[in-house]
Amino acid sequence: MKILVTGAAGFIGFHLVRRLLERGDSVTGIDSINDYYDPRLKFARLEATGISKDEAAKWGYAVKSRNGGYTFIRMGLEERESLQRLFAEQHFDAVMNLAAQAGVRYSLENPYSYVESNVVGFINLLECVRNYPLKHFVYASSSSVYGGNTKTPFSEDDRVDNPSSLYAATKKSDELMANVYSKLFGIPTTGLRFFTVYGPWGRPDMAPMLFTKAILAGEAINVFNNGNLSRDFTYIDDIIEGVVRVIDRAPQITEGKKVPAEIYNIGCGSPMQLMDFISTLEDALGRKAVKNMLPMQKGDVYTTYADTSKLERDFGYRPHVGLKQGIGEFVKWYTDYHKI
């Protein structure tokens, strides 16, 4: 297939591009390479897919991978005319939209970037798909849409009208917009609610990277809500397996289903207490963490816990990598990447 991956220099995007190339797809990746976190990691991910940093740094320039089958363009979703030209030229079979302004706490500091990327950029993509039809439009939503829900595990049938952050609100708006475009224009859309993804090449603003860096430096880690939090940590390989299965099969209109749109949780389905996660990381690193116990932060939620039975029923999805194994793989990558 001919597939567009947005956010291709990001954590999940990078791993997805590599998987699609391995199976023989033709892939175009786009990413604005913003500075929300150190762009050097994003350029390093691109280098690992055969895209040189010097060429990738140029705006709007199509760079061919040394490994073949992959083209990268530095471009933001806000660039409406450039996106339209890309779709007109390429006639994609499928799109996986992973581009977004990430981070719950940062949305308190810079709300405009979330609206520009996650809302304006998203509608720009939908308009491209409307004007240049394809087989399947898949997009990243988030477990954060469940907000202050207290019922666990979180099910796709639960109400999601109580977001705890602007980031969550933008992700819920994406789901609503996608459903409208499916209803009005017959565009097959699938939203994936990701649950705390971790692994090699992960984001520096998330706990595995933050904690590892601090522990190895002998510095204190910030433990919010005094450690009384739990997260459905999901290893990147399990996530990518689920994403690829979803891309390959678009929702269809049937007698009992009038709109070709679906929403799925994609997670591990086994939440881990934050303090247990820290202990697992300490074991992998062979060092103890100095803990700075802090109160709950604005925008945070107490737990994330995915009910993945719908994804399992429709796609046979089942995560296989446990936390001990996943953290071990992450630590191996981290120490090699930083030459520790």
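In terms of overall dimensions, the C-alpha atoms belonging to the chain reach 54, 48, 38 Å along their principal axes, ordered largest to smallest. Between Arg159 and Arg80, the FRET efficiency estimated from the beta carbon spacing at R0 = 35 angstrom works out to 0.60.
Apply 1/(1 + (r/R0)^6) to the Cβ-Cβ distance of Glu89 and Arg313, taking R0 = 35 Å, and write down the FRET efficiency to the nearest 0.05.
0.40
Need one number: % antiparallel among DSSP beta bridges in the chain, to the nearest 5. Restricted to the chain, the bridges split so that about 10 percent are antiparallel. Measuring against 22 Å, Cα to Cα, the residue pairs Lys183/Lys257; Lys171/Lys257; Lys135/Lys258 contain Lys171/Lys257 as the ones spanning a longer distance.
Partners of Lys213 within straight-line reach, counting lysines whose Cα lies under 16 Å from its Cα and excluding those fewer than 8 residues away in the same chain: Lys288, Lys291, Lys332, Lys339.
Let me have the 222 nm mean residue ellipticity of the chain computed from DSSP H runs of 4+ only, each contributing -39500 (n - 2.57), with the sum over all residues rounded to the nearest 500.
Values: 12 runs with 129 residues, N = 340.
Counting only the DSSP helices, I get -11500 deg cm²/dmol.
DSSP loop (so not H, G, I, E, B), at most 15 other Cβ within 10 Å: list which GluC sites (Glu not before Pro) in segment 202-291 pass both filters. Provide the component values of the computation, followed by the final result.
Details: sites: Glu219, Glu241, Glu255, Glu262, Glu282; in loops: Glu219, Glu255.
Hits after loop and neighbour filter: Glu219, Glu255.
For segment 1-122, the antiparallel share of DSSP beta bridges with both residues in that region comes to about 10%.
Taking the C-alpha atoms only, the angle from helix 274-285 to the longest principal axis of the chain is near 80 degrees.
Using a cut-off of 12 Å between beta-carbons, work out the net charge of the residues near Ser113 (Lys and Arg +1, Asp and Glu -1, Ser113 not included). If you can, show how the numbers build up before the last one.
Numbers: positive: none; negative: Asp35, Glu78, Glu109, Glu116.
For residues surrounding Ser113, the net value is -4.
Kindly put Ile278, Ile51 in sequence by how many other C-beta atoms sit within 10 Å of each C-beta, fewest to most. Walk me through the numbers before you get to the answer.
Numbers: Ile278 20, Ile51 25.
Ascending number of Cβ neighbours within 10 Å: Ile278, Ile51.
If you build a Gaussian network model of the chain, linking Cα atoms that sit under 10 Å apart, which residue out of Ile215, Ile33, Ile187 swings the most? The residue with the greatest mean-square fluctuation here is Ile215.
In this structure, the amide hydrogen of Gln297, modeled 1.01 Å from its nitrogen in the peptide plane, lies closer than 5 angstrom to those of Asn225, counting only residues at least 5 positions away or on a different chain. Axis angle, to the nearest 10 degrees, between helix 236-247 and the longest C-alpha principal axis of the chain: 20 degrees.
Within 10 Å of each candidate Cβ there may be at most 15 other Cβ atoms; applying that plus a DSSP loop requirement, which GluC sites (Glu not before Pro) in segment 30-129 survive? Before the final figure, lay out each step's value.
Working: sites: Glu47, Glu55, Glu78, Glu79, Glu81, Glu89, Glu109, Glu116, Glu127; in loops: Glu78, Glu79, Glu109.
Sparse-neighbourhood loop GluC sites (Glu not before Pro): Glu78, Glu109.
Restricting the chymotrypsin sites (Phe, Trp or Tyr not before Pro) of segment 19-123 to loop positions (DSSP other than H, G, I, E, B) with no more than 14 neighbouring Cβ atoms within 10 Å leaves Tyr61. As a length-normalised measure over Cα pairs under 8 Å and 6 or more apart, the relative contact order of the chain settles at 17 percent.
Compared with the dominant Cα axis of the chain, that is its longest principal axis, helix 207-217 is turned about 40°.
Would you please give the FRET efficiency between Val180 and Ala57, computed as 1/(1 + (r/R0)^6) with r the Cβ-Cβ distance and R0 = 45 Å, to the nearest 0.05? Please list the in-between numbers first.
Values: r = 37 Å, r/R0 = 0.81.
FRET efficiency, Val180 to Ala57: 0.80.
Values quoted throughout were computed directly from the atomic coordinates according to the rules given, and no laboratory measurement underlies them. What you see is a predicted model, and the numbers here were worked out from it, not measured in a lab. Counting neighbours? That spans all protein chains shown, and the Cβs are built from the backbone with ideal geometry, glycine included.
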